[in-house]
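Okay, structure first, notes after.
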Amino acid sequence: MSTPAREHVPSRPTWRCRACGIAWPCSPAKLRLLAEYRGNVPGLMIYLVTLREEAIEQLAVERSAKRRTCRGSTFPHIHRPR
């Protein structure tokens, strides 16, 4: 019995591909989206913009949480004399 192929879809909140682990949309996801929305470029653009807005929100929250837990890992701000 073979294992089912994993779909190349985003894993939230990291927005990495569930199948191959690279930043989504990976190449297979792009090809699938182009085939799925063939002849419907406005529909594809609306879908991608909607996902982009969702990703921006989720990645901002994730980065903010990482900053709070990684104290001391950022460089201090250096003031230059004028």
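A few remarks follow.
- Condition met for P13 (surrounded by 14 or more Cβ atoms within 10 Å (Cβ to Cβ), in contact with an Asp or Glu (Cβ under 7 Å, 6 or more places away or on another chain) and under 17 Å from L59 (Cβ atoms)): yes
- Every residue from region 28-52 that is of a type in the set (D, E, K, R) and either modelled with pLDDT under 95 or in a helix (DSSP H, G or I) (or both): K30, R32, E36, R52
- Matching residues in region 1-22 - criterion: being part of a loop (DSSP other than H, G, I, E, B) and not hydrophobic (A, V, I, L, M, F, W, C): S2, T3, P4, R6, E7, H8, R12, P13, T14, R18, G21
- From G39, G43, G21, residue being loosely packed, with under 15 Cβ neighbours inside 10 Å and more than 29 Å from E62 (Cα to Cα): G39
- Here P25 passes the criteria (1) within 17 Å of E7 (Cα to Cα); (2) not in a loop (DSSP other than H, G, I, E, B) except the one numbered (2).
The values are calculated or read from the model by the stated rules, or taken from the named source; none is laboratory data. What you are looking at is a predicted structure, and each value in this text was computed from that prediction instead of being measured. Heads up, the Cβs are rebuilt from the backbone with ideal geometry, glycines too, and the neighbour counts pull from every protein chain shown.
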